[in-house]
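**Q** Dropping the structure in here first, questions after.
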Amino acid sequence: MKLCMVGTGYVGLVSGACFAETGQTVICADKHEEKIHVLEEGGIPIFERGLEELVQRNVEEGRLSFTSDVKEAIRQATIIFVAVGTPPRGDGGADLSAVDAVAQMVAENVEREAIIVLKSTVPVGTNARVRRLVQNAPHRVHVVSNPEFLKEGDAVQDFLRPDRVVVGLDEDDHFARDLMARIYHPVCLDKNRVVFMDPASAELTKYVSNTMLAMRISFMNEIAMLCEKVGADVHAVRHGVGSDGRIGPKFLYAGPGYGGSCFPKDVKALVHTGREHGLELELAATTDRVNDRQKGVLFRKLKAHFDDDLRGKRIAVWGVAFKPRTDDIRESASLTLMDALLADGATIVAHDPEAEENAKQRYGDRVSFVEDAYDAAKDADALCLMTEWRQYQNPDFDRLKELMRRPLIVDGRNIWSTYGLRAQGFIYDGIGVRGN
Ligand SMILES: NC(=O)c1ccc[n+]([C@@H]2O[C@H](COP(=O)([O-])OP(=O)(O)OC[C@H]3O[C@@H](n4cnc5c(N)ncnc54)[C@H](O)[C@@H]3O)[C@@H](O)[C@H]2O)c1
């Protein structure tokens, strides 16, 4: 029994490699020929901890292969996962054209009774829509919703040790249920983590999870603004609030606004789904608006430090990825900052340990990228910390002070707020923290 993963991006490659690790024979298919070429040559097109060894081992042991012939991969498979992108459309809804294209290909090429598993994040109703697309296939195609909850940066661990696996299918679909239970059994050995439910609930669960997490972040970003007004410290508030067992400590960090390929688009898509059904989801819509405003926070702080005039200022930016341990820059707050700085005539020298290539593709020579983080700080009028990579946690501040033209630090992640930087002669500005 072969498993085919259509879409070999962050989700598809990790999921495919992890299923292979549990003994399945997996073929990863992608229409992006260059990506498949890199994988066939033994390379990994993305940065994700632990993925390279996992892919190499499973390729060597014959359980994992790659192809750009998507139709052929579908022909061979009994379980066909759809892990293609579902980017936002202009109106906030999800663009389902890639999902539709794969469903159509399945309808035309399937060679046995099979299941199509929707792992991409798709709005409520997509399972039903895909059913219509595959209903005239030459063999029965069962449609299952199985949204993915992995986090970039911890994706392999998240996949192999999930909090839960959500599977949406018809109650009487024993064929699909048995296959899904079996393929996830190896990652649920200690207890059954597969939560079966109806497809619409499974589809909605993914959006609700992401929106709730995003809402916590946006709420704390608002509270950070209030902290600045009233002289409180958002670190202390977070600690106090997060210690409450009913609330918990995660996703309460104030910062430059959430980014990535999921939260921004999924919150918008949930709002859009509500509107399609005549419902204004006020909390979700506000979460999105608050985040948009927050993404401008570092730029506004910089402007305030330079009397509204950033022309000719040299700004060092540490971190372009939307979070540490990934090279993904999609919707990163760092991009919002750099776009605004460029528009205002500032010069940017940026550093990121893994995302430099992706950032260069976006900015070309409009932004200078350096290999050594300290080179970015040389002659800088300000240093902005945008991604809390571990190597930025404890830099040599004496050296930074010598290198910088003006010792202004704008700490978008609040990682240096307790380091006594003001006492060392820096001008320190964080997000809702007092600093010292
Ligand atoms: N990235 C995450 O952390 C994450 C987490 C959970 C869920 N998701 C969801 O998973 C889905 C995929 O996300 P991603 O980050 O892996 O995207 P991605 O852009 O990294 O990868 C998508 C891949 O699909 C391929 N593709 C597109 N159309 C295709 C087609 N018709 N046939 C074959 N391949 C095709 C693209 O070439 C690309 O390689 C999205 O719906 C996303 O919302 C992402």
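A short reminder: the numbers here are calculations on the coordinates, not readings from a lab. Fair warning: this is a prediction, and the values are worked out from it, not measured in the lab. Note that we place each Cβ from the backbone using ideal geometry, even for glycine, and neighbour counts take in every protein chain shown.
**Q** If you average the C-alpha positions of the stretch 263-300 and of the stretch 310-382 separately, how far apart do those two centres end up, in angstrom?
**A** Each part reduced to its Cα centre gives a spacing of 26 Å.
**Q** Return S97, S261, S145 ranked ascending by Cβ neighbour count within 10 Å, so the fewest neighbours appear first. Don't skip to the end; give the middle numbers.
**A** Working: S97 13, S261 22, S145 27.
Sorted ascending by nearby Cβ count, the order is S97, S261, S145.
**Q** Mind listing the long-range amide H neighbours of E388? Cut-off is under 5 Å, sequence gap 5 or more, other chains count too, H placed in the peptide plane at 1.01 Å from N.
**A** Close amide H contacts, sequence-distant or interchain: none at all.
**Q** May I ask you to evaluate 6.51 cos²θ - 1.76 cosθ + 1.60, the Karplus curve with θ = phi - 60°, for each residue of the stretch 3-9 and list the ³J(HN,Hα) values in order in whole Hz, giving x for glycine and proline?
**A** 10, 10, 10, 8, x, 10, x
**Q** How would M180, M1, M215, M386 line up from fewest to most surrounding beta-carbon atoms within 10 angstrom?
**A** Working: M180 23, M1 12, M215 20, M386 29.
The order, fewest Cβ neighbours first, is M1, M215, M180, M386.
**Q** Separate question: Go through 38-44, 64-70, 276-282 and give me the packing order, highest mean Cβ count within 10 Å leading.
**A** Numbers: 38-44: 13.9, 64-70: 19.7, 276-282: 10.9.
In descending order of packing, they fall as 64-70, 38-44, 276-282.
**Q** Using a 10 Å cut-off around each Cβ, can you sort V99, V165, V194 from fewest to most neighbouring Cβ atoms? Please list the in-between numbers first.
**A** Values: V99 25, V165 21, V194 18.
Placing the least packed residue first, the sequence is V194, V165, V99.
**Q** Hey, another quick one. Out of all DSSP beta bridges in the stretch 1-157, what portion is antiparallel? Express it as a percent rounded to 5.
**A** Numbers: 1 of 23 bridges.
Taking every DSSP beta bridge with both residues in the stretch 1-157, the antiparallel ones total about 5 percent.
**Q** Something else about it: From the phi of every residue in the stretch 326-342, what ³J(HN,Hα) in whole Hz does the Karplus formula 6.51 cos²θ - 1.76 cosθ + 1.60 yield, where θ is phi - 60° and glycine or proline is x?
**A** 9, 9, 7, 10, 4, 6, 5, 5, 4, 5, 4, 5, 5, 4, 5, 4, 4
**Q** Straight-line reach only, C-alpha to C-alpha below 15 angstrom: list the aspartates and glutamates that K378 could link to, leaving out same-chain residues fewer than 8 apart.
**A** The qualifying aspartates and glutamates are D396, D398, E402.
**Q** Still on this structure: May I ask what percent, to the nearest 5, of DSSP beta bridges between residues of the chain are antiparallel?
**A** Values: 2 of 45 bridges.
About 5 percent, rounded to the nearest 5.
**Q** Using modelled amide H (1.01 Å from N, peptide plane; none on Pro or chain starts), what sits under 5 Å from the amide H of V195, excluding residues fewer than 5 places away?
**A** Correct list: V165, V166, V167.
**Q** Which aspartates and glutamates, if any, have their Cα less than 13 Å from the Cα of K119, not counting same-chain residues under 8 positions apart?
**A** E148, E203
**Q** Using helices alone, what [θ] at 222 nm do you get for the chain, with -39,500 (n - 2.57) per DSSP H run of 4 or more residues, divided over all residues and rounded to the nearest 500?
**A** On the way: 17 runs with 184 residues, N = 436.
Calculated from helices alone, the mean residue ellipticity at 222 nm is -12500 deg cm²/dmol.
**Q** Using DSSP to define loop residues, name the trypsin sites (Lys or Arg not before Pro) in the stretch 396-436 whose beta-carbon has at most 11 other beta-carbon atoms within 10 Å. It would help to have the intermediate numbers written out before the result.
**A** Working: sites: R399, K401, R405, R413, R422, R434; in loops: R405, R413, R422, R434.
Passing sites in the stretch 396-436 do not exist.
**Q** Mind ranking 264-272, 333-341 by how tightly packed they are, going by the mean number of other C-beta atoms within 10 angstrom, highest first?
**A** On the way: 264-272: 24.4, 333-341: 22.3.
My ranking of the peptides, most packed first, is 264-272, 333-341.
**Q** On a C-alpha basis, how far is the centre of the stretch 53-76 from the centre of the stretch 383-436 in Å? Whole number, if you could?
**A** 46 Å
**Q** Once a ≥ b ≥ c are taken as the square roots of the eigenvalues of the Cα gyration tensor of the stretch 191-269, is the result rounded (a/c under 1.5), prolate (a/b larger than b/c) or oblate (a/b not larger than b/c)? Write out the running numbers ahead of the final one.
**A** Values: a/c = 3.48, a/b = 1.77, b/c = 1.96.
Oblate, since a/c reaches 1.5 and b/c is not below a/b.
**Q** Is there a pair in K303/K401; K250/K401; K71/K191 whose C-alpha atoms are over 26 Å apart, and which pairs would that be?
**A** Among K303/K401; K250/K401; K71/K191, the Cα-Cα distance tops 26 Å for K250/K401; K71/K191.
**Q** Also, I was wondering about something else. Rounded to two decimals, what ratio of Rg to Rh does the stretch 295-429 give with C-alpha atoms and a Kirkwood Rh? Walk me through the numbers before you get to the answer.
**A** Values: Rg = 13.4 Å, Rh = 14.5 Å.
For the stretch 295-429, the value is 0.92.
**Q** How big is the Kirkwood radius of the chain, worked out from every pair of different alpha carbons and given in Å to one decimal?
**A** Details: mean 1/r = 0.0431 Å⁻¹.
Kirkwood hydrodynamic radius for the chain: 23.2 Å.
**Q** Scan around K2 for amide H atoms under 5 Å from its own, H built in the peptide plane at 1.01 Å from N, and keep only partners 5 or more places away or cross-chain.
**A** T78, I79
**Q** What list of ³J(HN,Hα) couplings, whole Hz, do you get for the stretch 112-120 from phi and the Karplus terms 6.51, -1.76, 1.60, once you set θ to phi - 60° and write x for glycine and proline?
**A** 7, 4, 8, 10, 9, 10, 8, 9, 4
**Q** Still on this structure, I have one more. Taking the Cα centre of each part, how many Å lie between the stretch 5-22 and the stretch 143-188?
**A** Result: 13 Å between the Cα centres.
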